[in-house]
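See below for the structure under consideration.
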Amino acid sequence: MLAVLFNASYYSFVPVGYGSSGRADIEVGTMSIVAILSLSHCGGEDIARSVADRLGYRLVSDDLIRETSDRFGVSADRIVDAINGTTSLFRQLSKERNRVSTALRATLADLACNDKTVYHGPAGVLLPRDIDHVLRVGIVADIDYRILSLVRSKSLSAKDARSEIKKDDTELADWCRSITKLDPWDERLHDIVIPMHSATIESATEIIVLNAQKEILKTTESSAKRLRDFALASRVDMALVDKQPDVDVEADDGRVTIVLKKYVLRLDRYKKELTEIASAVPGVSAVDVRIGKTFQMPSNWPPVDIEVPQKVLLVDDEREFVQTLSERLQTRDMEPAIAYDGEEALSLIEKDEPEVMVLDLKMPGIDGIEVLRRVKKSHPDTEVIILTGHGSEREKQLASELGAFAYLEKPVDIDVLARTMKEAYAKVGRGKNRKGKSDGTEE
């Protein structure tokens, strides 16, 4: 792996490995792939275009989405929504992202097999780390640089620019974490990180071009094989996606292994069906379907609990806490949407009304009490559970007066929270039944 051009203390750009002139010798005939992931308003698109021009490579950016859409019949808007996390709020985002990321991975893998490609965009994180001839570049900048860039390009106020950048960062971070478990600005995700507040388009281009043509990034037979295997595994994965299996797919010179990670009924029939689908993919010579270590009947069989809410919104500015809470609720058949502040929560609710909301009180901007007041006024059927670590008796009483279903304090027992959410959902159902009878839509 290349030395990372990164200083974590202040994002200082430190060119390393060059000669006395500050330039490296250009290796003619190298066939590296450059994958550029940029935060918004950092000049990433201009850098990618400049790098492609200098290297004589093909530039792939938004056309990856168009090609994926044409190839697999997934609308471009749906792909963008899944990447940004703005798909219909309760359309089970993880399943939607799985389908979209699988389709993007298959398209990207085939494009990458042509080498001589500069890719700019969030899908670059789908390329596996063991493909050695991929140069992974992160483009970042401090918040002041980005605000100024956005203010100049859109004539926004600094406040509005900051809000838009925050939204961009949240969407990109959620996408990257869903694929890699890392933030987009995490140095472990990149070979080079270039901070644009201390660089220019020209200097950033120079750094990338010099490194892309180094011997270490030349395509070898082993890295080419890994890319071919990745491309085949991606095509098989896409062929299986409509079966919605929770599987890992690997390929080795045409031999495909499918590892089942979750319990399914009629196992033999299911394995046969997956084998038939995978065998029909061009390039597959053999298929082996295996049971993985996590394949076991869940303790709460049957797997779907019809008494749990399916439209859940978690609202909390403590990112790590709310993500962990979401993961724990997913093991209990709930797949929550997440908002990180009151403003975002209110915006999401206007798009799709949740059945149950779990709401923190102390948040920057619009606090939980105000969110509760607005939600119960505009969406009275949504049941709101307050979950806070900074509450008081006065706030508890006020929350009750405003219509909160329950008031819980952190740390909360996950079983207590799940039970409370079920009880809230039962109340939602009773309310719908009463409303249906009153307007004649139900018996």
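Here are some notes:
- The chain: angle of helix 62-72 to the longest principal axis, Cα-based, in degrees nearest 10: 70 degrees
- Of Lys159/Lys181; Lys95/Lys261; Lys243/Lys351, pairs whose Cα-Cα distance is over 18 Å: Lys159/Lys181; Lys243/Lys351
- Under the Karplus curve 6.51 cos²θ - 1.76 cosθ + 1.60, θ = phi - 60°, whole-Hz ³J(HN,Hα) for region 146-162, x wherever Gly or Pro sits: 5, 4, 4, 4, 6, 4, 5, 7, 10, 6, 8, 6, 4, 5, 5, 5, 4
- Using a cutoff of 8 angstrom between alpha carbon atoms and counting only pairs six or more residues apart, the relative contact order for region 379-428 works out to 45 percent.
- Sequence-distant lysines (8 or more away, or on other chains) whose Cα lies within less than 24 Å of Lys396: Lys362, Lys376, Lys377, Lys410, Lys422, Lys427
- Ranked by the mean number of other Cβ atoms within 10 Å of their residues, highest first, the peptides 117-125, 174-182, 279-287 fall in the order 117-125, 174-182, 279-287.
- Cα-based shape type of the chain, given that a ≥ b ≥ c are square roots of the gyration tensor eigenvalues and the cut on a/c is 1.5: oblate
- Rounded to the nearest 500, the helix-only mean residue ellipticity at 222 nm of the chain stands at -14500 deg cm²/dmol, with each DSSP H run of n ≥ 4 adding -39,500 (n - 2.57).
- Over region 312-439, the ratio between the Cα radius of gyration and 2.2 N^0.38 Å evaluates to 0.99.
- Proximal aspartates and glutamates to Lys262, defined as alpha-carbon separation beneath 12 angstrom and excluding residues fewer than eight positions away on the same chain: Asp246, Asp248
- Share of Cα-Cα pairs in region 33-213 lying beyond 23 Å, as whole percent: 42 percent
Values quoted throughout were computed directly from the atomic coordinates according to the rules given, and no laboratory measurement underlies them. As the structure is a computational prediction, the values presented were derived from the model and not from experiment. Here the Cβ is made from the backbone with ideal geometry for all residues, glycine too, and neighbour counts use every protein chain on show.
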